[in-house]
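Working notes, structure below.
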Amino acid sequence: MCSGYEKRGILIALGANLPSARFGPPRPTLEAALEMLPERQIQVVACSSWYESAPVPRDDQPWFVNGVLKAESTLPPGAVLRALHEIEAGLGRVREGTAVNAPRAADLDLLDDHGLITGERDWPRLPHPRMHERAFVLLPLAEIAPEWRHPVYGLTAEAMLERLEGEQECYRLSA
């Protein structure tokens, strides 16, 4: 299928803090999400370690399992994000009627699409508007793409980690 787009690099964040009915705990659920990407024309190139993180903003919901992956796709950014939302739904994520930052069985976010910068009212919004504020994104991102630079701020993930304000608990899980 020819989409008119060249294959290009994208970054995707994965997270979950609720089990899915189909795959169980968050980590196996996210590993299942990885397996679903190629059938949607998203080829995984590299995947970070898994991390455990406290919810942001901090509350009493369960901690998250998070990771970041590098991938390639010929799909336009909106189609990539729609594919991610389809995977989320298949894993039990309910978007309609849920609060922002609510617990979820799967959360797949398009962080960056080959450095594309879109406007505040565009969809999808790129780069992801809060990625530079989240240790659970920046730690795994620094692990798999230390040379990557934020398209707007020009900083590496490591440099953005150093600028984070407040304590965000995020720990690498053992393999």
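What follows draws every value from the coordinates through simple rules; no lab data is involved. Just so you know, these numbers come straight off a predicted model, no measurement behind them. Please note: Cβ atoms are built from the backbone with ideal geometry, for glycine as well, and neighbour counts cover all protein chains shown.
With a ≥ b ≥ c the root eigenvalues of the C-alpha gyration tensor of the stretch 8-172, is it rounded (a/c under 1.5), prolate (a/b larger than b/c) or oblate?
Note, shape of the stretch 8-172 comes out rounded.
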remark   = The answer for the net charge of residues other than Glu147 whose Cβ lies under 14 angstrom from its Cβ, with Lys and Arg +1 and Asp and Glu -1, is -1
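Note down the relative contact order for the chain as a percent, whole number, built from C-alpha pairs under 8 angstrom at least six residues apart. Before the final figure, lay out the partial values.
Details: 344 pairs, mean separation 49.5, N = 175.
Reported relative contact order: 28 percent.
Quick one: net charge around Ala157, please, counting Lys, Arg +1 and Asp, Glu -1 for every other residue with C-beta under 13 Å from its C-beta. The partial results should precede the final answer.
Values: positive: Lys70, Arg134, Arg149, Arg163; negative: Asp112, Glu133, Glu143, Glu147, Glu158, Glu162.
My count for the surroundings of Ala157 gives -2.
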task = Would you tally the net charge around Arg58, using a Cβ to Cβ cut-off of less than 10 Å, leaving Arg58 out, and scoring K and R as +1, D and E as -1?
result = -4
query = For the stretch 1-91, what mean projected area does the convex hull of the alpha carbons give, in nm²?
reply = 6.2 nm²
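Give the Rg/Rh ratio for the stretch 88-175, taking Rg as the radius of gyration of the Cα atoms and Rh as the Kirkwood radius, to two decimals. Write down the numbers at each step before the final one.
Details: Rg = 14.4 Å, Rh = 14.7 Å.
On the Cα set of the stretch 88-175, Rg over Rh gives 0.98.
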